[in-house]
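> I have a structure I would like to understand better, so I am pasting it below and will then ask my questions one at a time.
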Amino acid sequence: MFKKASAIFVFALFLIAVAVGQPILYTVEYGDRPVQPPSLVPKFESSYRGFTDVWVVHDNWYYASRTRADSCKADAFVIPGGNTSDVPFYDGSLDSYVELLRNPGRPTIGFCAGLQFLLMAYGGICAQRSPESGNQTATIFEGDEIFAGAPNPYVDRAAHTYSIADLPDSYRNLASTRTCYVTFVRHISMPLYGSQLHIESMNNLSSAGPAILANFRNIIMQRKFHGIAEANGFPGEPGKVRISWWPAKTSEPVLYRIFCADDVAKLDFDHPRYETTDLQYEITGLDPESTLYFAVRAQSAAFVDSNQSVFPITPDGHHEIIFQNGKPINGQNYAGNEATAIRQAFPDCNYGQRGTPGKDELYWWNAGLVQFKDLEKHLAGKKIVAGKLTFLFAGGVNSQTNSSHRADIAVYRILKPWNEGIGYLNNTARTGEVTWNAAQHSLLPWEIAGCKGNSDRSTQPIASYTLKGDGTGIAFDGTVQLPAALIQNWVDHPDSNCGLLYEKTDTYPTDQYFYFEDDDDDWFMNHPRLIVQYLDESTSAVADIPGKPLPGSFTLTRNYPNPFNESTVIDFALNIDRRVKIDVYDLNGRLVTRLFEGQLAAGAHRFTWNGKDWAGRAVTSGLYFYTLQSSSERTVGRMVLIK
């Protein structure tokens with residue numbers, strides 16, 4: 001009876017506290033999965049993570065979800081720090097937690113590992129960097145209302161060996177320490193924040209914690225509406241986007257007003273483009289080649305919203321593939337990446353050994369090679385529009401380095417095949433040993449680390465960066481934007497895919513202060529990663545007459561399977577009876593075979609190519625083109641034969 005009365009009394013206190021504005025915080029605890037889900041009943045805590053007088057719901061990260069956070073009517077999601085050394089982010093057991101991190105439905109703030117989890121949910125890479133401990137000084141270089149009243153620079157406690165090495169595109173970094181670039185982040189539209197430093201500890205007079213947490217509680221959490229949550233394009237459907245948002249915190253009916261412009265300055269908040277009472281809206285017919293800026297505001301009888309949240313998006317309808325060892329592509333884990341160290345200790349043999357003997361780690365000292373194989377298996381016939389490659393480095397800045405220590409990094413395209421020339425200890429390259437050698441081996445003096453002869457690599461680098469021991473240039477996170485034309489060439493001409501050279505020259509005291517690294521950590525997925533964005537090429541008929549486009553009169557769909565081994569199917573449809581011709585060409589434009597020429601009726605048609613030429617001879621593996629032509633109209637598709 002006493003326990004029941006106590007529970008009723010606590011619940012009554014909870015109702016009173018909520019009525020007078022004491023917020024409910026939803027948080028998680030790490031560790032093993034309990035047999036039963038934790039209780040979602042809030043518990044009053046006079047002090048929690050820098051917040052005072054709050055109700056807290058402690059969930060377990062194996063059970064945590066947006067649904068559970070909604071059910072307890074949480075005002076905010078607080079992600080505590082913890083040990084990131086064993087994070088099962090990628091085995092599926094934490095999928096609901098990852099989805100919660102991606103779109104929690106309420107203002108969110110994370111500390112240390114909490115920031116890392118928040119960004120890893122969006123594909124950010126967490127890896128070893130220069131470790132930080134004790135009080136660290138952070139400089140705010142981009143303003144945000146969350147910093148109002150905070151000192152700049154500010155000093156807070158650090159306790160981490162790992163940090164974010166690759167920042168997702170959906171987040172902005174707002175502050176950095178000397179040794180850690182990603183120190184304080186915010187999502188580009190949602191009120192999601194993360195601090196690598198423990199601002200919740202507030203252990204000194206120069207802490208930013210009191211101001212940040214007060215602003216989070218008194219400004220961010222109090223808003224009735226936060227604007228756009230997400231804006232997504234539709235792969236394969238250029239000009240179409242879906243915009244979504246969290247519900248406004250009111251019991252009154254709400255009208256959501258959508259604004260759009262091709263320039264932020266042109267957003268006219270007096271004249272919405274669209275209006276709806278739903279929590280999402282799909283828009284079609286947009287310019288697929290222009291970056292558009294969207295904003296959403298809420299209006300009800302009780303309030304009129306004036307938030308400034310803006311989301312940019314280019315509705316080009318692109319698809320995306322991530323090439324990273326251990327990452328699934330179409331249900332199969334990709335394992336086509338190779339990387340190798342080229343060490344200064346043996347400059348005359350110009351060799352690379354994959355991995356460190358007896359270990360899984362690979363350390364790139366003076367230079368490194370990296371290659372992603374089999375791109376054509378997944379991208380044949382696609383139009384590449386963008387590419388981004390991320391590799392990792394450790395160190396770069398620590399307590400032992402200063403402005404006199406400089407690392408210059410340049411990235412070059414390799415022009416010679418791997419496994420060419422001399423390998424380990426001047427012996428012929430061994431099976432599985434990744435080597436790269438100049439045609440003029442032993443004839444020219446040493447020119448660049450890991451390369452003998454400029455003919456081995458492109459004359460100009462694809463990208464170059466400088467990082468100094470005092471933290472100058474620390475924004476470089478190892479990510480390189482690759483030209484779309486380069487990736488397109490690798491796909492269309494697989495023999496040209498000889499990889500990239502990362503060349504480093506530095507004045508650091510020893511290599512241990514700055515080195516490239518692939519430690520094969522499956523928990524953090526911090527292997528080298530290539531992200532490719534592509535478009536399905538237009539298959540609608542186009543007139544060959546310049547300046548006089550004709551309406552499309554037939555449609556050619558993608559062949560399947562593609563790539564193929566024995567045969568592939570080509571489907572197309574005609575709007576009227578017409579004479580057509582279907583041809584197959586090789587990469588040099590030579591006609592391989594003609595599948596059909598003659599009159600066909602309106603409707604769907606299907607033809608199969610068995611990988612043989614006019615004479616019935618099997619053709620070699622490679623890229624081929626197929627064309628559908630009728631009168632002056634012609635359309636082209638690409639396919640890859642692999643044997």
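The values are calculated or read from the model by the stated rules, or taken from the named source; none is laboratory data. Treat the numbers as computed from the prediction; the structure is a model and nothing was measured. Because the Cβ atoms are built from the backbone with ideal geometry, glycine has one as well, and the counts that use them run over all protein chains shown.
> When you check residue 279 against the structure, is it surrounded by fewer than 18 Cβ atoms within 10 Å (Cβ to Cβ) and more than 31 Å from the chain's Cα centre (by Cα), yes or no? It would help to see each step written out before you state the result.
On the way: surrounded by fewer than 18 Cβ atoms within 10 Å (Cβ to Cβ): yes; more than 31 Å from the chain's Cα centre (by Cα): no.
For residue 279, the condition - surrounded by fewer than 18 Cβ atoms within 10 Å (Cβ to Cβ) and more than 31 Å from the chain's Cα centre (by Cα) - is not met.
> Restricting attention to the stretch 73-89, and to residues there that are more than 14 Å from residue 33 (Cβ to Cβ) and surrounded by fewer than 17 Cβ atoms within 10 Å (Cβ to Cβ), which single residue is modelled with the highest pLDDT?
73
> Name the residue that is nearest to the chain's Cα centre (by Cα), counting only residues in the stretch 172-184 that are assigned to a strand (DSSP E or B) and surrounded by 24 or more Cβ atoms within 10 Å (Cβ to Cβ).
Taking the stretch 172-184 first, the residues assigned to a strand (DSSP E or B) are 172-177, 184.
If we keep only those that are surrounded by 24 or more Cβ atoms within 10 Å (Cβ to Cβ) too, we end up with 175, 177, 184.
Details: 175: 21, 177: 23, 184: 18 Å.
Only one residue tops the list, namely 184.
> Can you pull out every residue in the stretch 452-464 that is outside any loop (DSSP other than H, G, I, E, B) and at pLDDT 90 or above? Step through it out loud before you land on a result.
Looking only at the stretch 452-464, we keep the residues that are outside any loop (DSSP other than H, G, I, E, B), and these are 454-457, 463-464.
Within the stretch 452-464, 463, 464 qualify.
> For the condition of a type in the set (A, V, I, L, M, F, W, C), modelled with pLDDT of 85 or more, within 27 Å of residue 381 (Cα to Cα) and in contact with a Gly (Cβ under 6 Å, 6 or more places away or on another chain), what is the one hit in 531, 487?
Answer to the selection: 487.
> Got a sec? Which helices (runs of 4 or more DSSP H) wholly within the stretch 35-130 have at least 1 residues that are assigned by TED's automatic domain parsing to the domain that holds residue 198, farther than 30 Å from residue 391 by Cβ and free of Cβ contacts under 8 Å to residues at least 60 places away in the same chain? Explain how you work it out, then say what you get.
Numbers: elements: 66-71, 95-102, 113-120.
So the answer is 66-71, 95-102.
> Scan the stretch 540-553 and tell me whether some residue there is outside any loop (DSSP other than H, G, I, E, B) and at pLDDT 75 or above. If you could, list the steps in order and put the result at the bottom.
Looking only at the stretch 540-553, we keep the residues that are outside any loop (DSSP other than H, G, I, E, B), and these are 540, 542-543.
From what is left, the residues that are at pLDDT 75 or above are none.
The answer is no; no qualifying residue exists.
> If you don't mind, there's one more thing I want to ask. So for the stretch 3-23 (the condition being buried (at least 16 other Cβ atoms within 10 Å of the Cβ) and modelled with pLDDT of 95 or more), does at least one residue qualify?
The initial filter retains those residues of the stretch 3-23 that are buried (at least 16 other Cβ atoms within 10 Å of the Cβ), namely 14, 17, 22-23.
With modelled with pLDDT of 95 or more added as a condition, the list becomes 23.
Yes, the stretch 3-23 contains at least one residue that is buried (at least 16 other Cβ atoms within 10 Å of the Cβ) and modelled with pLDDT of 95 or more.
> Suppose the filter is touching a helix residue (DSSP H, G or I) at 6+ places or on another chain (Cβ under 7 Å), in contact (Cβ under 8 Å) with a residue 24 or more places away in the chain and assigned to a strand (DSSP E or B); does residue 640 pass it? It would help to see each step written out before you state the result.
Numbers: touching a helix residue (DSSP H, G or I) at 6+ places or on another chain (Cβ under 7 Å): yes; in contact (Cβ under 8 Å) with a residue 24 or more places away in the chain: yes; assigned to a strand (DSSP E or B): yes.
So residue 640 fits the description; yes.
> Moving on to the next point. If I ask for residues that are at pLDDT 95 or above, surrounded by fewer than 20 Cβ atoms within 10 Å (Cβ to Cβ) and in a strand (DSSP E or B), which ones from the stretch 137-171 would you list?
137, 139, 140, 155
> Considering each of 584, 580 in turn, give the residue that is in contact with a Phe, Trp or Tyr (Cβ under 9 Å, 6 or more places away or on another chain), surrounded by 16 or more Cβ atoms within 10 Å (Cβ to Cβ), closer than 15 Å to residue 568 by Cα and of a type in the set (A, V, I, L, M, F, W, C).
Residue meeting the stated conditions: 584.
> In the stretch 171-228, what residues are closer than 30 Å to residue 277 by Cα and among the aliphatic types (A, V, I, L, M)?
Across the stretch 171-228, the qualifying residues are 188, 190, 192, 219, 220, 221, 228.
> Out of curiosity, is residue 185 within 21 Å of residue 526 (Cα to Cα) and without any contact (Cβ under 8 Å) to a residue 24 or more places away in the chain? Spell out how you get there, then give the answer.
Details: within 21 Å of residue 526 (Cα to Cα): yes; without any contact (Cβ under 8 Å) to a residue 24 or more places away in the chain: no.
No; evaluated as a whole, the condition is false for this residue.
> Here is a follow-up. Can you tell me which condition residue 133 does not meet? The list is (1) over 20 Å from residue 399 (Cβ atoms); (2) assigned to a strand (DSSP E or B); (3) modelled with pLDDT under 95, and all the others hold.
(1)
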